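Here is the structure we will look at.
The values are calculated or read from the model by the stated rules, or taken from the named source; none is laboratory data. Quick caveat: nothing in here was measured; it's all calculated off a predicted structure. Cβ: placed from backbone, ideal geometry, glycine included. Neighbour counts: every protein chain shown. For accessibility, only protein heavy atoms count, side chains too; no ligands or nucleic acids. Shrake-Rupley method; radii C 1.70, N 1.55, O 1.52, S 1.80 Å.
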Amino acid sequence: MSESLKKYRAKRDFNRTREPSGAFRARAPAGASPRFVVQKHQAGRLHFDFRLEMDGVLKSWAVPKGIPTAKDERRLAMEVEDHPMEYAAFEGIIPPGSYGAGTVQLWDRGRYQVLDGTPREALRRGKLSLALHGEKLSGRWTLVRMRGEGRDRNTWLLIKAEASLPKISVTKAARSVKSGKTMTQLSQSRSTWKSAPAKRGPASSSFKERIRHLAARKHK
Ligand code: MN
């Protein structure tokens, strides 16, 4: 198990949340570019989590205002604890009372390259020139650490480099690359709770019927 996942584990109770514990390390196929994911996370505050596979973990940044898409646009990116590789496939609900409680949508996924040196060197230097090859995000970005000490060392900027991203359709932007679900649909799928397994409605029930069923249950 990776030393760098200590903080990640300390914050979570894996008897409650379905987030991965990181006990199993996924190994990248030889020669493949490392992976990146973006997760849309409606926690106390909506933000996007930007994660880069590096040395067997996901280096992670919380981007409150979302990934910049217009050339030279810059967004604050707060470096957070490393996440296990399995987190790259995580989507669902983190139960109330748990760290990061709320809805997580797998917003984008793909491969990335660092264009100036190895990812590890670039991270240490505090500047990564990134080429992202995702389902929504494709092109160049720069991730650069702002000057500062202590806690401020976690402050980075994510900048859209080279050219603006061609417009993503509203429908595509709203949907998960894993399940096709919107944030609203994901927030209503209680079956992802470990602590409170959902009682399923009739198997053939339509989405509307299922909502009605859930609403009726609430009033019992
Ligand atoms: Mn988050």
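Points worth noting:
- Under 14 Å from a label point set 7 Å out along the Cα-to-Cβ vector of LEU157, the amide N atoms of the range 110-139 belong to 127-128.
- The range 123-188, relative contact order in percent, only Cα pairs under 8 angstrom and at least six apart counted: 22 percent
- Inter-site label distance for ALA23 and SER179 at 7 Å from Cα along Cβ, in nm: 2.3 nm
- For the range 4-76: accessible area per residue (Å², 1.4 Å): 54 Å²
- Violating pairs (Cα-Cα greater than 23 angstrom) within the set LYS40/LYS178; LYS65/LYS181; LYS71/LYS136; LYS136/LYS181; LYS6/LYS65; LYS127/LYS178: LYS6/LYS65; LYS127/LYS178
- Converting phi to 3J(HN,Hα) with the Karplus coefficients 6.51, -1.76 and 1.60 and the offset θ = phi - 60°, the range 85-90 yields 3, 4, 5, 4, 10, 6 Hz in sequence order, with x at every glycine or proline.
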